[in-house]
Amino acid sequence: MTHADEAVALFQQGFSCSQAVLAVFAEDFGLDRDTALRISQGFGAGIAYTDDICGAVSGAIMVIGLRYGRIKADDIAAKEKTYTVVSEFLREFEKRNGSVTCTGLLGYNLSDTEQVAEVKKRKVVMARCPAFVRDAVVIVEKLV
């Protein structure tokens with residue numbers, strides 16, 4: 001099973017998009033899956049229904065950080081590499097999907113409780129988000 005297939009399967013089991021993306025890469029970077037799931041939980045649903053960045057995007061950015069992020073304050077090269085790769089990821093994800101925010105992707109403002117109720121009623125997340133999870137994984141695999 002590919003990372004992308006595994007991430008979609010995790011999402012369809014009920015994990016958030018951020019969790020699904022980070023969890024499939026966790027062990028590749030020495031991070032246990034349970035810790036990855038906990039770390040990434042709050043980033044789902046546009047960062048906890050705050051109408052912000054897509055959780056699949058957040059999860060991918062965390063993976064990029066695991067690969068390139070600095071661990072010493074004076075490692076400016078690692079910082080710049082991380083920022084460069086994150087920027088590349090964001091450009092590609094937006095090119096494929098038209099946005100990097102949940103509102104832009106779903107057409108509903110996830111900070112509005114009435115719109116969240118509508119999203120749940122219409123099952124918008126289960127219909128649209130697996131493709132975003134898959135794209136995030138595929139793009140991040142090319143970059144890391």
Per the helix-only calculation at 222 nm, which mean residue ellipticity applies to the chain, given -39500 (n - 2.57) for every DSSP H run of n ≥ 4 and division by its residues, nearest 500 deg cm²/dmol?
-22500 deg cm²/dmol
Using only Cα atoms and rounding to the nearest 10 degrees, what angle (0 to 90) does helix 124-143 make with the longest principal axis of the chain?
10
Please compute the modelled spin-label separation between Phe29 and Thr50, points set 7 Å along Cα→Cβ, answer in nm with one decimal.
2.0
Within the accessible area of segment 37-134, what % is carbon and sulfur when the probe is 1.4 Å and the other protein chains stay in place?
53
Solvent-accessible area per residue for the chain (1.4 angstrom probe, square angstrom):
53
Against the longest principal axis of the chain, how steep is helix 17-26, in degrees 0 to 90 to the nearest 10, with axes from Cα atoms?
30
How large is the Kirkwood hydrodynamic radius of segment 58-122, counting all unique pairs of alpha carbons, in Å?
13.8
Give the relative contact order (percent, whole number) for the chain; include only Cα pairs under 8 Å separated by 6+ residues.
28
So for segment 1-81, using the alpha carbon gyration tensor with a ≥ b ≥ c as root eigenvalues (a/c under 1.5 gives rounded; past that, a/b versus b/c decides prolate or oblate), I'd call it oblate
Surrounding charge for Ala48, neighbours by C-beta under 15 angstrom, Lys/Arg +1, Asp/Glu -1, total -2
Quick one: pull the percentage of alpha-carbon pairs in the chain with a separation above 23 Å.
31
Measure nothing fancy, just the Cα-based angle from helix 76-97's long axis to the longest principal axis of the chain, in degrees from 0 to 90, nearest 10.
30
So, by mean Cβ neighbours within 10 angstrom, what's the order for 95-105, 56-66 with the highest one leading?
56-66, 95-105
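The values are calculated or read from the model by the stated rules, or taken from the named source; none is laboratory data. On a predicted model such as this, the values are computed, not experimentally measured, just so you know. Counting neighbours? That spans all protein chains shown, and the Cβs are built from the backbone with ideal geometry, glycine included. Accessible surface areas use protein heavy atoms only, side chains included; no ligands, DNA or RNA. Shrake-Rupley method; radii C 1.70, N 1.55, O 1.52, S 1.80 Å.
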